[in-house]
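Q: Take this structure first; my questions come after.
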Amino acid sequence: MSASWESLANDHILGIAPYEPGKPIEELERELGISDVIKLASNENPLAPSDRVMKAMQAALTHVNRYPDGSGYYLRKAIARRHGLTSDHVILGNGSNDLIELMVRAFLRPGEEAVIPHPSFVVYPMIVQAVGGIRVVVTLKDQRLDLEAMARAITPMTKMVFIANPNNPTATIVTADEVEHFMARVPDKVIVVFDEAYVEFAQGPDFPDSLAYLKQGRKVASLRTFSKAASLAGLRVGYGVADPDCISLLNRIRQPFNVNSVAQAAALAALEDDSHVVECLRMIEAGRAFLSDEFTGMKLKFAPSRANFILVDVGRSASEVFHWLLKEGVIVRPMTSFGMESALRVTIGTPEENRRFVKALKKVLAGAKSA
Ligand SMILES: Cc1ncc(COP(=O)(O)O)c(C=O)c1O
């Protein structure tokens, strides 16, 4: 009998649950026999990239016969300038997912611990497990990262701590004061990874400046992305900011052409186009207020959002509500796999999409009550 593929696999990966991507919208529309499905499931930006970014992408397309600039020279320089740093503090990634993976692969040795909040971004435990690291999972408190408990979870075996700020799926933040208190308790040899994929949506005087810790010489890395506020999720481009010695180690294991040339051109143009982000933030803030009011009116509990999505408790099986909403042509994300049986995560869309979602939710919940 021939050996199974599983028996040949790296032991660390056998316990990892496979990621289940959703169906393409077109396929869903075909199955449901409808044509105007809206997707509020992946925390994407409903706005298309700006004209300026479109033009930059078109210009870059002419040169796709060539490999991209493997150093990301211009984009790194522009990012560094924006943060008042030098290019050697910056690394580009194929989305910020790529950078999470590089951080873990570069620093977490088999048997070392990574402190991970739960529920939070699913990629942290997956990558930690893939390299044979130990996941030390700390449950959220009142839908927010419990930094006190996370600090207590640090042991001599801890190498890394993940702080998703704002956190996905709760959309809540930890404040500057809380982070300051936490950082005072983190030993020098523990790396704190600030995952700030939604940072643009969270800005306010209470939001921590994670780069200040880098400037103080602390062992931190801040990860950001062009997938959310910049509307470039499909291109896959993010970046990390850290000490040049850290960046240089990450570069040793980075695929040389991890960020394609169209993505680099688009991200560079997006960085020079603040008006798109401003427009998007205005829309998200209005959508957040609209949905919050509607949830309050419907007596549904929700976590106060500082991101472009909201976690709402629909008071009954989220996976049932998800399926009923699907029939209404609205895709959201049930949080059942996180052990949150009655929670849905809904991405804030355009005003029209938000209204459609609310209308469908009201219909579905009314139907559920009378059933
Ligand atoms: C908390 C968090 N971090 C990182 C990412 C990764 O984003 P990307 O790889 O598109 O940059 C996401 C994506 O949804 C996220 O929710």
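Q: I need the shape label for the stretch 255-316. Rule: rounded when a/c is under 1.5, else prolate if a/b > b/c, else oblate, with a, b, c from the alpha carbon gyration tensor.
A: oblate
Q: Give me the compactness ratio for the stretch 176-308, meaning the Cα radius of gyration over 2.2 N^0.38 Å.
A: The stretch 176-308 yields a ratio of 1.25.
Q: On to the next question. What do you get for Rg/Rh over the stretch 157-206 if you use C-alpha atoms and the Kirkwood form of Rh?
A: Using only Cα positions, Rg/Rh for the stretch 157-206 is 0.99.
Q: Given a 1.4 Å probe, how much area per residue of the stretch 260-371 is accessible, in Å²?
A: Accessible surface, normalised per residue, equals 45 Å².
Q: Using the alpha carbon gyration tensor of the stretch 52-114, what are the three equivalent-ellipsoid semi-axes (square root of 5 times each eigenvalue), largest first, in whole Å?
A: The answer is 29, 16, 10 Å, longest axis first.
Q: So for the stretch 228-368, what are the equivalent ellipsoid semi-axes in whole Å, largest first, each being the square root of 5 times an eigenvalue of the Cα gyration tensor?
A: 36, 19, 14
Q: Hey, got the Cα dimensions of the stretch 186-264 along the principal axes, in Å, largest first?
A: Dimensions of the stretch 186-264 along the principal axes of its Cα atoms: 39, 35, 15 Å.
Q: Would you mind working out the accessible area per residue for the stretch 14-84, using a 1.4 Å probe, and quoting it in Å²?
A: 69
Q: Normalising by the residue count of the stretch 187-314, find the relative contact order in percent from Cα pairs under 8 Å and 6+ residues apart.
A: About 22 percent, as a whole number.
Q: Report relative contact order for the chain in percent, whole number only (criteria: Cα-Cα under 8 Å, sequence separation at least 6).
A: Answer for the chain is 22 percent.
Q: Let me ask something else about it. Out of all DSSP beta bridges in the stretch 115-271, what portion is antiparallel? Express it as a percent rounded to 5.
A: Rounded to the nearest five, the antiparallel share is 30 percent.
Q: Oh, and also: If you line up the Cα atoms of the stretch 104-249 on their principal axes, what length do they span on each, largest first, in Å?
A: So the extents along the principal axes, rounded to whole Å, are 39, 32, 30.
Q: Would you mind computing, in nm to one decimal, how far apart the modelled labels at VAL64 and LYS189 are, each placed 7 Å from Cα along Cα→Cβ?
A: For VAL64 paired with LYS189, the spin-label model returns 4.8 nm.
Q: To continue, here is another question. Who wins for biggest fluctuation among GLU31, GLU200, GLU112 in a Gaussian network model of the chain, springs between alpha carbons below 10 Å?
A: GLU31
Q: Another question, if that's okay. Relative contact order for the stretch 22-149: what is it in percent, counting Cα pairs under 8 Å that are at least 6 residues apart?
A: With pairs under 8 Å counted, the relative contact order is 13 percent.
Q: Hey, another quick one. Determine the calculated [θ] at 222 nm for the chain from helices alone, applying -39500 (n - 2.57) to every DSSP H run no shorter than 4 residues and normalising by the residue count; nearest 500 deg cm²/dmol.
A: Only helices count here, giving -12000 deg cm²/dmol.
Q: Further, regarding this structure: What FRET efficiency do you get for LEU32 and GLN216 if R0 is 56 Å and r is their Cβ-Cβ distance, rounded to the nearest 0.05?
A: My answer for the efficiency is 0.55.
Q: Turning to a different aspect of this structure: For a test of the definition: using alpha carbon positions, the gyration tensor, and the 1.5 limit on a/c, classify the stretch 13-109 as rounded, prolate or oblate.
A: Oblate shape, in that a/c is at least 1.5 and b/c is the bigger or equal ratio.
Q: Which value, to two decimals, describes the C-alpha radius of gyration of the stretch 1-48 once divided by 2.2 N^0.38 Å?
A: For the stretch 1-48, the normalised Cα radius of gyration is 1.92.
Q: Using only the Cα atoms of the stretch 237-285, what are the Rg and Dmax in Å?
A: Values for the stretch 237-285 (Cα only, Rg and Dmax): 14.7, 40 Å.
Q: What fraction of the Cα pairs in the chain, stated in percent, has a spacing above 28 angstrom?
A: Result for the distance tail: 48 percent.
Q: Write down Rg/Rh for the stretch 38-87, rounded to two decimals, with Rg from the C-alpha atoms and Rh from the Kirkwood relation over Cα pairs.
A: 1.09
Q: What is the percent carbon and sulfur in the accessible area of the chain, measuring with a 1.4 Å probe over the protein chains and ignoring ligands?
A: 54
The values are calculated or read from the model by the stated rules, or taken from the named source; none is laboratory data. All values reported here derive from a predicted model rather than from experimental measurement. No Cβ is skipped: glycine too gets one built from the backbone with ideal geometry, and neighbour counts run over all protein chains shown. Please note that ligands, DNA and RNA were not included when accessible areas were found on the heavy atoms of the full protein model with its side chains. Shrake-Rupley method; radii C 1.70, N 1.55, O 1.52, S 1.80 Å.
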